[in-house]
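Presented below is the structure to which this report refers.
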Amino acid sequence: MRVLIIEDDLDIATNLYDFLEGRGNVVDLARDGVTGMHLAVSDEFDAIVLDLGLPGIDGLSLCGKLRREARRDVPILVLTARDVLDDKLAAFDCGADDYLVKPFALREVEARLKALVSRRRGRVVDRKLVAGVIEFDTASLAVAVDGRPVHLSRKCLHLLEMLMSAPNRVYSRAELEQALWGDEHPQSDSLRSHMHLLRRALTDGRGHSPIETVHGVGYRFAAHDGSPA
Ligand code: CA
């Protein structure tokens, strides 16, 4: 995930940053509301962790502006210092998706962010993923390599969406199997077979495919040539 943390408390900000980055996320940090607002509108994030008490613009105003003026629907997880119903209701009124009361467990932040992001992925239908010569329209499920249409099975499309949504991120085999087959254990070489088909389908005119095997770990979609990472 690409996550923006907007939090002025240095200890909390640093802990969140280190934890989320250590878990393979790409993380940006803003220590005041103005910088946070600027980053939130000028860049694309999968989710935002937003503290309410901030210098510059406070969290509630920032959240409201992001929704109403900038028209961003990025999931927002609010951090509140007080476990007070009014604070939570105000956060939801401003368009926040979820909240956590400080102090919180870092693992819970990550779990909530993941839930928000996957809920949104199900909602976003007109999303076009582009990397180098590969285009994937996740609404029509059309995939093209160098402008040439490519036909993929459902499972391969699912794999491609996961991989392209997080370029360069290494997915473990277990993670991918869980996403594709849930708790029914696939045959031992099913994932490899699908990856083989996907890799072959995505090979461009120069014989290059972006799907890379990370030995002993899993797979990743390698973004080259200035594609978004
Ligand atoms: Ca604060």
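The values are calculated or read from the model by the stated rules, or taken from the named source; none is laboratory data. Just so it is clear, the model here is predicted, and its values are computed rather than measured. So basically every Cβ, Gly included, is an ideal-geometry build from the backbone, and we count neighbours across all protein chains shown. Quick note on the areas: whole protein, heavy atoms, side chains included, nothing else; ligands and nucleic acids left out. Shrake-Rupley method; radii C 1.70, N 1.55, O 1.52, S 1.80 Å.
What the table shows:
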{"quantity": "Cα-based reach from K155 at 22 Å (exclusive), listing lysines while leaving out same-chain residues under 8 positions away", "calculated": "K114, K128"}
{"quantity": "Dipole magnitude of region 128-221 about its Cα centre (Cβ charges: Lys, Arg +1; Asp, Glu -1), debye to nearest 20", "calculated": "240"}
{"quantity": "Global geometry of region 128-221, whether rounded, prolate or oblate, following the gyration tensor of its Cα atoms and the 1.5 cut on a/c", "calculated": "prolate"}
{"quantity": "Value of D in µm² per second that Stokes-Einstein yields for region 76-197, Kirkwood Rh from Cα pairs, at 20 °C (1.002 mPa s)", "calculated": "125"}
{"quantity": "Whether region 2-122 is rounded, prolate or oblate, judged on the alpha carbon gyration tensor where a/c under 1.5 counts as rounded", "calculated": "rounded"}
{"quantity": "Reference-scaled alpha-carbon Rg (2.2 N^0.38 Å with N residues) for the chain", "calculated": "1.12"}
{"quantity": "Angle in degrees between helix 190-201 and the longest Cα principal axis of the chain, rounded to the nearest 10", "calculated": "80"}
{"quantity": "Cα→Cβ-extended label distance, 7 Å offset, between L106 and A142, nm", "calculated": "4.5"}
{"quantity": "Net lengthening on full extension, D11/H158 (0.36 nm per residue, minus Cα-Cα)", "calculated": "49.1 nm"}
{"quantity": "Within region 155-199, GluC sites (Glu not before Pro) in DSSP loop having at most 11 other beta-carbon neighbours inside 10 Å", "calculated": "E184"}
{"quantity": "Apportionment of accessible area to carbon and sulfur, the chain, percent (1.4 Å)", "calculated": "49"}
{"quantity": "Amide hydrogen neighbours beyond the local backbone of L79, cut-off 5 Å, H modeled", "calculated": "L50, D51, L52, L100"}
{"quantity": "Distance between region 162-193 and region 69-133 - C-alpha centres, whole angstrom", "calculated": "25"}
{"quantity": "Sites L89 and Q178, calculated FRET efficiency, Cβ-Cβ separation with R0 41 Å, nearest 0.05", "calculated": "0.70"}
{"quantity": "Formal net charge of residues neighbouring L77 (Cβ-Cβ distance under 13 Å; K, R +1; D, E -1)", "calculated": "-1"}
{"quantity": "Inter-site label distance for V34 and R119 at 7 Å from Cα along Cβ, in nm", "calculated": "3.3"}
{"quantity": "Accessible area (Å², per residue) of the chain, counting only protein heavy atoms and a probe of 1.4 Å", "calculated": "53"}
{"quantity": "With Cα atoms, 0 to 90° folded angle of helix 154-165 axis to the chain main axis", "calculated": "50"}
{"quantity": "The chain - mean residue ellipticity at 222 nm from DSSP helices (-39,500 (n - 2.57) per run, n ≥ 4, rounded to 500)", "calculated": "-12500 deg cm²/dmol"}
{"quantity": "Förster radius 25 Å - calculated FRET efficiency between S209 and D189 (Cβ-Cβ, nearest 0.05)", "calculated": "0.85"}
{"quantity": "Rounded tilt (10° steps) of 10-22 against the dominant C-alpha axis of the chain", "calculated": "10"}
